[in-house]
Amino acid sequence: MKKLFLSMLAVLFAYTGFAQQLSGSSSTYFEIRKYYANEGKLPDLIKRFEDHTLALFEKSGMENIAYFLPVDNTDNSLTYILGYPDEKSRDVMWGKFMNDPEWKKVFEESRVDGALVKSVDQTFMKLAQGLNDTPKSQASGVFQLRIYTCFDGRLDNLIRRFNDHTQDLFAKQGLRNYPYWVTVEKDGSQPKLVYLLADSDQASFERDFQNFAKDPAWVKAKEASEADGKIVEKVDAVFFKTLPFSPMK
């Protein structure tokens with residue numbers, strides 16, 4: 001009974017922290033969707049989101065979390081994050097959205113001169129427990145989406161290091177912690193850690209991140225956490241700027 005109570009407290013703290021990051025959020029299941037636009041169609045895709053899609057997502061029960069364009073948009077893409085009450089409701093809400101007569105009308109009208117989207121990548125996630133109790137960040141000029149692939153069995157070590165050291169040391173340098181997630185891997189493989197880190201602009205981010213990497217407190221924490229072996233196998237990072245209509249800034 002005590003273990004159950006402590007488990008419920010951990011979940012409550014995770015949700016409370018996320019509410020600090022995104023006031024009023026009740027989502028527990030999330031999806032990153034990356035749209036690769038057909039040539040010349042990205043402006044039309046952005047306009048469709050702004051004028052119609054966001055409102056229709058909300059009508060279907062989804063939560064609009066953030067909308068981004070890469071700073072270096074070499075693949076003609078748009079990335080956004082949606083929230084859902086839980087995993088089961090995700091497909092129900094998408095079914096409702098796709099069958100909405102208003103969306104069907106908008107979709108067909110937007111395709112008169114050709115399809116806007118070439119392909120879509122999806123990443124499913126849940127909140128990383130213990131990493132979402134930081135204060136809500138002020139609006140930021142640039143974001144970096146960071147995805148950590150760990151060595152086998154080392155994800156919990158990574159989450160512990162972030163909780164005990166990394167987040168505070170980011171903040172010490174002026175970097176802003178936004179929500180942290182772990183992926184839901186449909187094939188049963190080890191989840192990845194996904195988070196958003198931000199700063200006032202890219203130059204400040206790069207300077208502050210270098211200062212973080214050189215901080216003796218970080219070097220000590222990293223070495224201590226890896227006394228029994230390396231934790232992170234690979235880090236993927238992309239700079240983004242939010243679109244004007246993005247709820248997250």
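Numbers for the structure displayed
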item: Single residue of segment 1-24 satisfying the filter (in contact with a Pro (Cβ under 9 Å, 6 or more places away or on another chain) and polar (S, T, N, Q)) that is modelled with the highest pLDDT; result: Gln21
item: Residue among Ser89, Ser137 that is at pLDDT below 95, of a type in the set (Ser, Thr, Tyr) and more than 23 Å from Tyr36 (Cβ to Cβ); result: Ser137
item: First in segment 141-169 and more than 24 Å from Thr79 (Cα to Cα) and of a type in the set (Lys, Arg), second anywhere and in a helix (DSSP H, G or I) and at pLDDT 95 or above, Cβ under 8 Å, 6 or more apart; result: Arg160/Ser225; Arg161/Ala221; Arg161/Lys222; Arg161/Ser225
item: Only one of Leu54, Leu78, Leu69, Leu82 that is in the same structural domain as Val120 (by TED's automatic domain parsing) and in a helix (DSSP H, G or I); result: Leu54
item: Tabulated pairs, segment 190-214, first part of a strand (DSSP E or B), second surrounded by fewer than 22 Cβ atoms within 10 Å (Cβ to Cβ) and among the acidic types (Asp, Glu), C-beta under 7 angstrom, 6+ apart or interchain; result: Asp199/Asp208
item: Enumeration of residues in segment 93-127 that are free of Cβ contacts under 8 Å to residues at least 24 places away in the same chain and either assigned to a helix (DSSP H, G or I) or closer than 17 Å to Arg33 by Cβ (or both); result: Gly95, Met98, Pro101, Lys104, Lys105, Phe107, Glu108, Glu109
item: Tally, over segment 71-99, of residues that are over 23 Å from Leu145 (Cβ atoms), in contact with a Phe, Trp or Tyr (Cβ under 8 Å, 6 or more places away or on another chain) and aliphatic (A, V, I, L, M); result: 1
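Each row is one residue, and each column tells you yes or no for (1) surrounded by fewer than 15 Cβ atoms within 10 Å (Cβ to Cβ); (2) among the charged types (D, E, K, R).
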{"position": "Pro216", "(1), (2)": "yes, no"}
{"position": "Lys222", "(1), (2)": "no, yes"}
{"position": "Ile231", "(1), (2)": "no, no"}
{"position": "Asp236", "(1), (2)": "yes, yes"}
{"position": "Phe240", "(1), (2)": "no, no"}
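The values are calculated or read from the model by the stated rules, or taken from the named source; none is laboratory data. What you see is a predicted model; the values in this text were computed from it and never measured. All Cβ positions, even for glycine, are placed from backbone atoms using ideal geometry, and neighbour counts span all protein chains on display.
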